[in-house]
1. Give the residue, chosen from A:216, A:197, A:201, that is touching a strand residue (DSSP E or B) at 6+ places or on another chain (Cβ under 9 Å) and either assigned to a helix (DSSP H, G or I) or outside the structural domain of residue A:155 (by TED's automatic domain parsing) (or both).
2. Checking residue A:266 against (1) farther than 22 Å from residue A:78 by Cβ; (2) outside the structural domain of residue A:109 (by TED's automatic domain parsing), which single condition isn't satisfied?
3. If I ask for residues that are within 14 Å of chain B (Cβ to nearest Cβ), part of a helix (DSSP H, G or I) and touching a strand residue (DSSP E or B) at 6+ places or on another chain (Cβ under 9 Å), which ones from region A:157-192 would you list?
4. Please determine, by comparing only the residues of region A:252-281 that are at the interface with chain B (Cβ under 8 Å from one of its Cβ atoms) and surrounded by fewer than 15 Cβ atoms within 10 Å (Cβ to Cβ), which one is nearest to residue A:50 (Cα to Cα).
5. Among the numbered criteria (1) under 23 Å from residue B:52 (Cα atoms); (2) within 12 Å of chain A (Cβ to nearest Cβ); (3) in contact (Cβ under 8 Å) with a residue 40 or more places away in the chain, which single criterion is violated by residue B:288?
6. Kindly list the number of the only condition in (1) within 14 Å of another protein chain (Cβ to nearest Cβ); (2) in contact (Cβ under 8 Å) with a residue 12 or more places away in the chain that fails for residue B:205.
7. What's the number of the condition residue A:123 fails, among (1) assigned to a helix (DSSP H, G or I); (2) buried (at least 21 other Cβ atoms within 10 Å of the Cβ); (3) more than 7 Å from chain B (Cβ to nearest Cβ)?
8. When region A:297-308 is examined, which residues are found to be outside any loop (DSSP other than H, G, I, E, B) and within 14 Å of residue A:73 (Cα to Cα)?
């Protein structure tokens, strides 16, 4: 590649990113933004680098003859994994910047569950004193479906609160805060005795409906399931059945098979289910710009980029 | 003192404590329990040691001629600080066992605030999707009124979530997780710029109404106040006024000047106020028995007991 590089910024926060990247004064980098997809196609045609949201980038891929590298601003890059799309470029995703926010979300809801924050608020609303003893996270067992950078951040917070942590991964055992790892066919053994099951897996063919009726049946009745990974990991009908039959104490879902969750979806009327609107860990532009800057410097040095996605594996 | 020691257990969990202490097989220790205050007076008369709740112990103090040491099962020992009561014994309180539970309570509510857990639940109830961006604890400024073992535990959790921590103490600066200490007349400077003010102070003459209109006025409008110390630390009328006038974004109170909070108290109708019923950190008998065992061993070795209360200072 020859300098200068040309970076097409395709993001709903394009102006903020343009400002942040301009401030970083990266050598040999021209920034290109566009107000509309048409503009992006026209101005971006000679760009070799792209930075932005996978859903926006997807439709422009075919119109970028010089494309070398795409830095996605999302952790999940499903829109770019469609086998019909080109794969002749380096794709890196957003990694290492969501752990803290994910911990806030997950432990906000875990503590709300132990402390009965919603039930106590309802009692207060009714003018009723609720002296019931709170539960505690201490000594409880957390199971992480997927232990990448987000899962490992959750494990660290769990240890801080005195929990024990198990992990289920394809093969990696890199997070030292996980006390025991499970792989492959050991899903039921992994689920046994868990107080909390938290899914952080990416949406791939291998993770589709991994949370099914068999896994849910292997959980203790008092368990709570949290999904901050991808909706496709869950068999939603099986989850609804488990919640309705009391085979699961509760669930907290930030992601769904179809987003936004359709108005008529049964989850709106399922008991002991908390729904949020894919807000667990928003991308913070300053953090995300930092990921790009770090990778751009590696690019200039001719080194391997960080957080490279394997198109086959899907993450 | 001559062996054997005789320990009077005066607690609502007396049976559980008797079991736990019997299991510990402490040398030279006879355990005495009583079903009623009359029984306690009769059986306890020759006891030199007492273990239990300050409110229960208070009325028996005069009937214990051989009294040498009282291990309280509470952190706050106000009932035993009445100047009319004897002070010719060693009083130790419960310390070092509430930090984790207090952290769960405080950070449960801090995260609930940042993540709008109650507002999102209300939206879900109404069948409405709430895609609003969550707040985050990262970078927020926590002010601790009082930095004993509980305050220091809160500081550790705050650092884990990326917060900065200030402390206001009489003179101690022992917790290393606090970035800056304030003392004496520096209360307004301490309050400046805080996102969260958490009171962990004991109820003493020196801390009475330390949270008054002046301190509340020194806080930013977006600040949230949390009280897990003692209700007497707060000028409740001033707090109500601050909440009603929007000079404070919210408050979470576990303790009150009068407990249980009377049914007609204005707090039941004050906006942006969360009330709980002194449940932030219940004494866990196994933990509390551990404190007694540790101190009893020090007693046998003729060493200074841990967590000794200064009757004048009040903690």
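1. A:216
2. (2)
3. Taking region A:157-192 and keeping what is within 14 Å of chain B (Cβ to nearest Cβ), we get A:157-163, A:177.
Adding the requirement that they be part of a helix (DSSP H, G or I) leaves A:157-160.
Hits for region A:157-192 are A:158, A:159.
4. A:260
5. All conditions pass for residue B:288, except number (2).
6. (1)
7. Here residue A:123 meets the rest and fails (2).
8. Scanning region A:297-308 gives a single hit, A:308.
The values are calculated or read from the model by the stated rules, or taken from the named source; none is laboratory data. All values derive from a computational prediction rather than experimental measurement. A quick note on method: Cβ atoms are made from the backbone with ideal geometry, for glycine too, and the neighbour counts reach across all protein chains shown.
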